[in-house]
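Asks: Just dropping this structure here.
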Amino acid sequence: MSDLTQQLIRLANDIGGDTEFSRAGGGNASVKRDGILHIKPSGVPLATLRQEELVPLRIDVLLDALHSDDEVDGDPVRVAAQKAQVGDAGGRRPSVEILFHALIDDPLVLHLHPLTANAVTCNERGEELAREILGDDAVWVDYTDPGVPLARAVEDARNAHAARTGKPVPGVVLLGNHGIIVSGASYDDVAQRVHSLTDRIQRAIDQAPQPEEIAHPQLSATQKKAIVESFHLVTGASASASSDSGLARDYTGPLAGPVSEGPLIPDQIVYAGSLPLVLQGDEDEAALSHKVEQFQATHERLPIIAVVPGALVVAIGDSPSGADNALATYLDAVRVAADADRIGKVRVMNQAERHFIEHWEAEAYRRSVAKEQ
Ligand SMILES: [Zn+2]
């Protein structure tokens, strides 16, 4: 194993294995060697990534695909990946973000969905905050649909940054309503950039006023248990998970972005759904069942999350780990939204942005890989 590849795997496992930075199959990592990009497969967690799992792809072929306007038959990222593939990937599909990994010339590239930094990326004032907190040390990219459009937006923003500052492009890119890309020449380079970025944004959050206390409905333990059991039962789920303290109690007011407005990042849609079912907490099974039906009629899918604002969050899943992951993903969004509101105003994904992710085949694939694990 080359030393650089070892450094990449350590970065993926150390940083990507920390739920502050990535969860489940989210985020990705790549290393460039001799014109070949070796990248994490789609759906595989950074936390457990091994060298043998990396998918090798020719960088020149990927860059041609990125810059070409030729019509292709099928999803352009899939087609590019198939053309660029070197040898046998053993059925693994490379990450959908291969194109932005290919265009950044640093050998090591780590893409994360970090909770602290996302208080800036998921913010109506995101670009302004990035400039205030990070100066010219980060490139800002507005939310863009993943795949070719996002990679082109990253390339354009990097070029514009270089033209404006007259300096080399920094190794940090902030992706609106999504996460960050951090690149560098070594483990220490990349790790230092991730931690410095996080520290600077955390300081800005700590200096902002505390959020106001929200109301907490008085629900007995029996009522909460009944809500959890009814939601589990009427959705026909295999498993459920719930929380009634910390984030689930203190930052789930009726006006919180993830409660009433929409999802913060694509991964939230993939693992926890775009919006939760909002309950009052006093519903019996029949009333809850009616609300689930109404939700289904409106959203054309079952809710994955149910929220009693200020009191309880319930998640369902195909397995106990699926339910745990949905709950954790939703609570991540709750935390990011609360921090975003402290330093500005949370920005949720709009209808068109949501719709693209909800119907994207690549995300359905990623969900299916996650289920097998
Ligand atoms: Zn991502």
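Asks: From the alpha carbon gyration tensor of the range 3-204, can you work out the equivalent ellipsoid semi-axes (sqrt of 5 times each eigenvalue) and give them in Å, largest to smallest?
Replies: Semi-axes, largest first: 25, 20, 15 Å.
Asks: Moving to a separate point now. Subtracting the Cα-Cα distance from 0.36 nm times the residue separation, let me have the gained length for residue 352 to residue 70 in nm, one decimal.
Replies: 99.0 nm
Asks: Sticking with this structure for a sec: Compare the Cα positions of 257, 214, 279 along the charge dipole of the range 198-280 (+1 at Cβ of Lys, Arg; -1 at Cβ of Asp, Glu; about the Cα centre) and return the one farthest towards the positive end.
Replies: Toward the positive end, the furthest listed residue is 279.
Asks: Could you give the size of the charge dipole of the chain about its Cα centre, using +1 on the Cβ of each K and R and -1 on the Cβ of each D and E, expressed in debye and rounded to the nearest 20?
Replies: 400 debye
Asks: Within 10 Å, count the other beta carbons around each residue, average over each peptide in 280-286, 75-81, 264-270, and list them highest first.
Replies: Sorting 280-286, 75-81, 264-270 by mean packing, highest first, produces 264-270, 75-81, 280-286.
Asks: Also, I was wondering about something else. Using only Cα atoms, find the angle between the long axis of helix 3-14 and the longest principal axis of the chain, and express it within 0 to 90 degrees, rounded to the nearest 10.
Replies: 10 degrees
Asks: Something else now. What FRET efficiency comes out for the pair residue 293/residue 145, r = Cβ-Cβ distance, R0 = 30 Å, nearest 0.05?
Replies: 0.45
Asks: Heavy-atom accessible area of residue 140 with all protein chains present, probe 1.4 Å, nearest 10 Å²?
Replies: Per-residue accessible area (residue 140): approximately 40 Å².
Asks: Find how many whole Å separate the alpha carbon centroid of the range 1-40 from the alpha carbon centroid of the range 337-361.
Replies: If you average the Cα positions of each part, the centres end up 26 Å apart.
Asks: Sticking with this structure for a sec: Using DSSP to call loops (not H, G, I, E or B), can you name the trypsin sites (Lys or Arg not before Pro) in the range 244-312 whose Cβ has at most 12 other Cβ atoms within 10 angstrom?
Replies: Sparse-neighbourhood loop trypsin sites (Lys or Arg not before Pro): 301.
Asks: Could you work out how much longer the chain between residue 220 and residue 233 gets when fully extended? Use 0.36 nm per residue separation minus the Cα distance between them, nm to one decimal.
Replies: That pair, residue 220 and residue 233, stretches by 2.7 nm at full extension.
Asks: For the chain, what's the relative contact order in percent, using C-alpha pairs closer than 8 Å and at least 6 residues apart?
Replies: 17 percent
Asks: Which residue fluctuates most in the GNM of the chain (Cα springs below 10 Å): 221, 337, 311?
Replies: Its mean-square fluctuation being the largest, the pick is 221.
Asks: Let me ask something additional. Under a crude label model (7 Å from the Cα following the beta-carbon direction), how far is residue 33 from residue 260 in nanometres?
Replies: Roughly 5.4 nm, to one decimal.
Asks: Separation of the range 47-106 and the range 265-316 by C-alpha centroid, Å?
Replies: Using only Cα atoms to place each centre, the spacing works out to 36 Å.
Asks: How large a share of the accessible area of the range 224-305, in percent, is made up of carbon and sulfur atoms when the probe is 1.4 Å and the other protein chains stay in place?
Replies: The computed percentage sits at 50.
Asks: While we're looking at this one, here's another question. What size of dipole, in debye to the nearest 20, comes out for the range 148-294 about its Cα centre when the only charges are +1 on Lys and Arg C-beta atoms and -1 on Asp and Glu C-beta atoms?
Replies: In total the dipole reaches around 740 debye.
Asks: To the nearest 500 deg cm²/dmol, what mean residue ellipticity at 222 nm is calculated for the chain from DSSP H runs of n ≥ 4 alone, each contributing -39,500 (n - 2.57), summed and divided by the residues?
Replies: One gets -14500 deg cm²/dmol as the mean residue ellipticity at 222 nm.
The values are calculated or read from the model by the stated rules, or taken from the named source; none is laboratory data. These figures come from a predicted structure and were not determined experimentally. When we count neighbours, we look across all protein chains shown, and the Cβ atoms used for this are built from the backbone with ideal geometry, even at glycine. For the accessible areas, the whole protein counts, side chains as well, though only heavy atoms, and no ligand, DNA or RNA atoms are used. Shrake-Rupley method; radii C 1.70, N 1.55, O 1.52, S 1.80 Å.
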